[in-house]
Every structure is written in structure tokens, then in C-alpha cells.
1. Counting residues that are surrounded by 15 or more Cβ atoms within 10 Å (Cβ to Cβ), among the aliphatic types (A, V, I, L, M) and modelled with pLDDT of 90 or more, which strands (runs of 3 or more DSSP E) fully inside the range 167-231 reach at least 3?
2. Considering only residues that are under 47 Å from the mean Cα position of the chain (by Cα) and assigned to a loop (DSSP other than H, G, I, E, B), look in the range 41-75 and name the one that is modelled with the lowest pLDDT.
3. Within the range 258-270, does at least one residue satisfy the condition of being at pLDDT 95 or above, under 30 Å from LYS348 (Cα atoms), of a type in the set (Asp, Glu) and touching a His at 6+ places or on another chain (Cβ under 7 Å)?
4. Scan the range 157-166 residue by residue and report those that are more than 21 Å from ARG144 (Cβ to Cβ) and either of a type outside the set (Lys, Arg) or surrounded by fewer than 16 Cβ atoms within 10 Å (Cβ to Cβ) (or both).
5. What are the pairs with Cβ atoms under 6 angstrom where one residue, in the range 66-94, is without any contact (Cβ under 8 Å) to a residue 60 or more places away in the chain and the other, located anywhere, is among the basic types (Lys, Arg)? Sequence gap at least six, or different chains.
6. Determine whether the range 248-262 contains at least one residue that is free of Cβ contacts under 8 Å to residues at least 40 places away in the same chain, of a type in the set (Ser, Thr, Tyr) and under 21 Å from ARG303 (Cα atoms).
7. Looking only at the range 242-268, which residues are under 15 Å from the mean Cα position of the chain (by Cα), assigned to a strand (DSSP E or B) and not charged (D, E, K, R)?
Amino acid sequence: MRFDGRLAGPIALLALALLAAPARPAGAQAGPGPARADETYHLRADRLSGSANTNDDVYTAIKVTVEHGTTTVTGDSARVYRQREQVEVMGNVKIVDGKTRMWGNQASYDRKKRLAVLRGNVRIEEGTARITGREAQFYRSENRSVILGNPRMEDSTRTLTANEITYDRNLDEVLALGNVVAVDRAESTTVHAGRVRYDRRRNYAWATESPALTIEESGGKSTRVRGLTMEFDNAKRAVFALGDVLVERDKLRATGDRGEFYGSENRALLVGTPRAWDDEGEVQGDTLEIRFAQHKVESVQVRPHAKVRYEAKVERGRGERTEAAGDTVTLFNPDEATRRAVIVGRAKSLYWPGSADSAQGGRNISSGDSIIVEFAGGKARRATVVGRAEGTYFMAAEGDTSRVNQEERVRYRGARIVYDVDRNEVLVLGSAEVTY
């Protein structure tokens, strides 16, 4: 979307043309003596009138047209106040400057303040870009433009609204203030903030004052990201959330000190004591990485010092519980009932049966190089320990503190151990060794 200082030119041209000299016949050159090509103005009107004897020295033009190079300004009427060095154009104001077109109900220019204002149903268009608002102010000395009154900027894929939008041509920056909403339909994203600054040269933006990013996903779901500040590297399709970062998606929540989101790579990172959880469990580690496929969460990985905790939801009592730790923990298809967890590197797993089954014992501890946990119906149904696998099965019921029962356990080791919850069996494969 283009919004730059060139839009400030047309009203200034009108002012210079009308202030340069008294009204002349249609087609006459405005301004005494010869002028260079870039200073030649042409004024036409159905009627020109005025008097140089009044204090204000007011001139009036009806159905006025001012031309200067590629710029044309038209309006129903115009007043020129030569003593005050001010000009007003009223009614159906239209300004054409090359490929830029502007409309409004009224235009004014104060030469002393070097301030041009376009008021009433303001509309500015250039190519596919369109800007609307109640009022547009052009500060020529500062090379700065301000759009007020429900300003809205949009092109074929993006829309920006705010209480006020300012463009600084010297810095080539856009500043949006108050109730800022930026929508990118191509990226399926929406940003809300109190303040957004955009550097057009770097194609980089900063959002502050309670910024929030919403990413729409397939299937009607969405991911919402919050932080104290946010930065947007549009060239790299990257977003950085800083300070008290919160990610929300359906029942999933994740927090961290910093969040990084890479659209081109379909992945997101959380660092700074990151933690993710839902109704049934949580994962945590030094770094949390989320990968997407077709706008859906494909996997969640924590590394290193990874930990995962899971507890099945049941109507009464306590559901079965699983805790695991390792160098890396990856949850595949975390939104599906058939999710899968893979723990790699010094993997360790602890399992407790639900309260309905705990009276019969069944607590288990296992470890190995890797552990794979498979879920069905949202519950862990099968676990496989691979590489230097070993485990301990406790015969005592949970809460049973008697010494005899506490010492009754089964120890086993092998190349691979398979736990089948549905069959209530443990398979030890490859150089199996069992001690009871």
C-alpha cells in the first residue's frame, strides 16, 4: 500500500496558483512575469470576481479549475484571502496528480502555516491503494500527512484502520494511533494494538499498547498471540512477540518470555521458560517449537530439559497419569485423539493407573534412549521404550505404605520394552532379563 508525501502536493499547488496574483481571465497564467515550466499555473473558472480594496482582499472563483503540470484541481467555488494568505475550495473538490486522485467536500491552504487540509468524505486513491477519512492534513514544512476521522487504508489484500494515521515522508514511516486494526487477507492474520509504527524502507513494523495477533486456520480455528510488544519483519514473513508472551489456540495455552513466528517456514518458537498446556496435560523445556501444516498444528516440541505431564479426564476419581522427561519431547498431531509423543535422549517415563484400577497396583517406571507413546481416544494406550530399555513395575497399590508390599516389584530390561495398556501386558524383547 502506498501512502506518501506526494499526496501533499496538489492542495499546495492550488494555493500557490491562487495566491500568486489577482484573478485573471480564463486560461491566463497565474503569477507575474515569465515562469519556469515547473512553476507555470493555469486557472480557469466560469466566473471570477473580487476587489483589492477590502481589508481581506477576497477573490472568488466559480467552477474553478487549476492546472499545473500533471496536477489538476477542480471545485464548485474558491475563495482567496490574499492578506491572510489563505485559500478555500468548496464543493466537490477533486485533485488529480499523476496516478493519485483525491476527493473531498472542502480544501483549504494556509500559506503562513504551510498547512493544507482536505475535509469531508476524504478519499485518496492510487492504483489498488485507497485511503478514506473525515479529514486529511498536509504539513508541508514537516513533509508530514495526517488522516483523521475513522481513517482507513486498504489495498487488494490489506486493510488498516485507526483513530489517526500519520505519514512522515522524510522518515518514510507510517504511524497509526488508537484502536489500530491491521488485516492481511493473504496471510490470514489480524493485528490489534494501540499503536503501530511501520518503516516502509525496511518493510518492518512495531506494535505496542496491548498488541495481539490472530492467525486464522483451516477448519475455523485460530491462534491468538499476545505480548508487551510485537515486531513484524514483512520481508521475511516473521513476527516477534516480546515480554509476557501468551499463545492461545482452542484449549491449548502456551507462555514464554519471547515468541518467534516464521510464516515461510510454518513454525513458531517460544523461549524463556516456555510452557504449553491444555485440559489434560502440559509440556515444558528450554525451547518450545510449534510446526504447522496447512494452517493446522502438526507438532509441538520442547528441548532440551523437556518434560511432559498427562492426566486423562474421567467422570469420577482420578484418571491415569503419565509423566515423561528427556532431551527432546515431541507431540505429533496434538489436536487429535490419536496423538503421539516421542521422547528422545535419556528418556524416562512414569505411569500411574487411574483411581479405579490403582487398588490392584500397576505403577510403572521405565527408561531408555527413546520412548514412543501412542494415544487412542485421547488416552495413552501403548508405549515403546527403545535402546537400553529397562523398567520397574510396582505391585503395591498407590498409597499402600506397608514395607512388604512396597518391596514387591518386578524389574526388567532388554533392547526394547512394549507396554500395552489395553491388554494389560508388558513385552520385553531382545536380550530380555526379568527380576521379581
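1. Once the strands (runs of 3 or more DSSP E) in the range 167-231 are filtered for at least 3 residues that are surrounded by 15 or more Cβ atoms within 10 Å (Cβ to Cβ), among the aliphatic types (A, V, I, L, M) and modelled with pLDDT of 90 or more, what remains is 173-184, 189-199.
2. If we take residues in the range 41-75 being under 47 Å from the mean Cα position of the chain (by Cα) and assigned to a loop (DSSP other than H, G, I, E, B), then TYR41 is modelled with the lowest pLDDT.
3. No: zero hits.
4. THR157, THR159
5. Listed pairs, sorted by first residue: THR74/LYS94; GLU88/ARG79.
6. Checked the range 248-262: at least one residue is free of Cβ contacts under 8 Å to residues at least 40 places away in the same chain, of a type in the set (Ser, Thr, Tyr) and under 21 Å from ARG303 (Cα atoms).
7. LEU242, VAL245, LEU246, VAL247, GLY259, PHE261, TYR262, ALA268
Listed here are the residues, each with its yes/no results for (1) in a strand (DSSP E or B); (2) more than 18 Å from ARG381 (Cβ to Cβ); (3) in contact with a helix residue (DSSP H, G or I) (Cβ under 7 Å, 6 or more places away or on another chain).
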{"position": "SER299", "(1), (2), (3)": "yes, yes, no"}
{"position": "VAL302", "(1), (2), (3)": "yes, yes, no"}
{"position": "LYS307", "(1), (2), (3)": "yes, yes, no"}
{"position": "GLU315", "(1), (2), (3)": "no, yes, no"}
{"position": "GLU323", "(1), (2), (3)": "yes, no, no"}
{"position": "LEU331", "(1), (2), (3)": "yes, no, no"}
{"position": "PRO334", "(1), (2), (3)": "no, no, no"}
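The values are calculated or read from the model by the stated rules, or taken from the named source; none is laboratory data. Values in this document were obtained by computation on a predicted structure and should not be read as measured data. For neighbour counting, all protein chains shown are included, and Cβ atoms are generated from backbone atoms with ideal geometry for every residue, glycine included.
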